[in-house]
1. Considering (1) within 10 Å of chain B (Cβ to nearest Cβ); (2) open to solvent by less than 60 Å² (accessible area, probe 1.4 Å); (3) without any contact (Cβ under 8 Å) to a residue 60 or more places away in the chain, say which one A:Val170 fails and leave the rest.
2. Of the residues A:Glu110, A:Glu35, A:Glu63, A:Glu116, only one is more than 9 Å from chain B (Cβ to nearest Cβ), among the acidic types (Asp, Glu) and touching a residue at least 60 places away in the same chain (Cβ under 8 Å); which?
3. Of the residues that sit in region A:13-42 and are modelled with pLDDT under 90 and outside any loop (DSSP other than H, G, I, E, B), which one is least open to solvent (accessible area, probe 1.4 Å)?
4. Residue by residue through region B:94-123, note down the ones that are farther than 23 Å from A:His114 by Cβ and either among the basic types (Lys, Arg) or open to solvent by less than 50 Å² (accessible area, probe 1.4 Å) (or both).
5. Just the residues that are assigned to a strand (DSSP E or B), β-branched (Val, Ile, Thr) and modelled with pLDDT under 80, please, taken from region A:149-199.
6. Would you tally the residues in region A:119-138 being part of a helix (DSSP H, G or I), more than 7 Å from chain B (Cβ to nearest Cβ) and open to solvent by 40 Å² or more (accessible area, probe 1.4 Å)?
7. From A:Ile70, A:Ile47, which residue is at pLDDT 85 or above, open to solvent by 80 Å² or more (accessible area, probe 1.4 Å) and more than 10 Å from chain B (Cβ to nearest Cβ)?
Amino acid sequence: MYGRKGCQLVKEIASGEKEQLTPFNSDLFDQVIAECSQHYVELQALIRNMQEKGLDVQTSKNEDHFGALIHHLSLVRNKRCLTSYMYNRAEILRNLIWKVGPVLPQEILEKLSHFEKEYFKKHSASLKSYMSRIDLDLAVDMVPPKDPYIQVRVLDDIGEGIVLSDEKSVNFARHSMHLLKRTDAEQFIARGLMEELTG
Amino acid sequence: MVRSKLLIPVWFPRNSREGTVDEFVEGGTDPLTISLYQMDLDRTQFLLRSYLRIRLQKIEKHMFHILKTDELFNRLSKEEKVFAQRSCDDLKMHLEDSVLSRLPDNYQSILKQSIISEEIDMVPKPQLDMFVVCKTKYYLGHIQLEDGDDGNLDDRGNQRPLEEPFEMEPNVLYFVRYKPIKKLVEEGKIDLY
């Protein structure tokens, strides 16, 4: 049935967990694209048919006209499904920049199409250029500060000699605990390399 | 609209105030005093960042709509305009590469569904019919809650009894559709919550 595959594509976005990406369904996506081309072939055939009969394509309302109309509307509907699939995924990607930062972990990267990876890079770059133009890093300070310093535990080997904003160099060995400025720690917490110790 | 008059005092003395915190540290001022200053500074910076961040996220959400609506586009700061333009170009290219270039000729526009669409019908707009919680400081009478424009087109609309004009008392919370009160919000007569 016309349009069913496009609908499945949209359902994948609509029924998925909010703000969660499903793997890019290139199989279904290509099938919908192919369906579009098929509609177009049949649409043109019907119009040619009308022209051969010497009918005015704009005004005559015979069976070919309505057949062509169905193909046109199905094509337009598929286009809406395809673009909204990409558009909504792009929106989730943009939100990921705010939550995870410009470097995506491998398990998310695997779910993206080639173009989505490109888009993610480009959009991160334009955010970055905005921030450098206003000379303010908006990726830190995501939660209201209660205390300028927080207690954190290092979850992964981050490495030695990382220089913090007060120009001291720190050794973040795995499982070590530190009292850091919130703005320094946030970027590591976002990437899952540290956790905040509360209570 | 960017409230630059409010922003400037917060934004630009950043360096000078940070200077004072450093001076306190070197001058051996009481650590408690320093930490209070530091907290105040952090709080202000958080507010500034949140403000700019939320604006950017709104731009991201409806970039095509903002870019083609002059009234909205002119509310952006110079830097935001550059960002909005660039984001739009990137997303447009992304959609073209992934979808539009693979569709038949007459169906490749990003703004229109097909070549025969007379107006722009592919751009997602913000939903203005949502209900919002709001409050006013002054008494406001005669607020028309029905949309005047399209009411007459629909016959059923005429049969439905017209709602009485809506009144708002000061400092009472109301739950209404955003669209009819949009203008009053922009004029600063109604505050949203």
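The values are calculated or read from the model by the stated rules, or taken from the named source; none is laboratory data. Quick caveat, the model's predicted, so the values are computed rather than measured. Here the Cβ positions follow ideal geometry from the backbone for every residue, glycine too, while neighbour counts run over all protein chains shown. Note: areas computed on protein heavy atoms with side chains; ligands, DNA, RNA excluded. Shrake-Rupley method; radii C 1.70, N 1.55, O 1.52, S 1.80 Å.
1. Looking at each condition in turn, A:Val170 falls short on (1).
2. Result: A:Glu110 is the single residue among A:Glu110, A:Glu35, A:Glu63, A:Glu116 that is more than 9 Å from chain B (Cβ to nearest Cβ), among the acidic types (Asp, Glu) and touching a residue at least 60 places away in the same chain (Cβ under 8 Å).
3. Once the filter is applied, the top-ranked residue is A:Ile13.
4. Selection gives B:Ser109, B:Lys112, B:Gln113, B:Ser114, B:Ser117, B:Met122, B:Val123.
5. Narrowing region A:149-199 to residues assigned to a strand (DSSP E or B): A:149-154, A:159-163, A:169-172, A:177-181, A:194-196.
Subset that is β-branched (Val, Ile, Thr): A:150, A:152, A:154, A:162-163, A:170.
Listed by number, the residues that qualify are A:Ile162, A:Val163, A:Val170.
6. Step one: filter region A:119-138 for residues part of a helix (DSSP H, G or I), giving A:119-134.
Subset that is more than 7 Å from chain B (Cβ to nearest Cβ): A:120-121, A:124-125, A:127-129, A:131-132.
Still in the list and also open to solvent by 40 Å² or more (accessible area, probe 1.4 Å): A:121, A:125, A:128, A:132.
Residues flagged as part of a helix (DSSP H, G or I), more than 7 Å from chain B (Cβ to nearest Cβ) and open to solvent by 40 Å² or more (accessible area, probe 1.4 Å) within region A:119-138 amount to 4.
7. A:Ile70
Listed here are the residues, each with its yes/no results for (1) charged (D, E, K, R); (2) under 28 Å from A:Ile13 (Cα atoms).
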{"site": "A:Asn95", "(1), (2)": "no, yes"}
{"site": "A:Lys117", "(1), (2)": "yes, yes"}
{"site": "A:Leu164", "(1), (2)": "no, no"}
{"site": "A:Leu179", "(1), (2)": "no, no"}
{"site": "A:Thr183", "(1), (2)": "no, no"}
{"site": "A:Phe188", "(1), (2)": "no, no"}
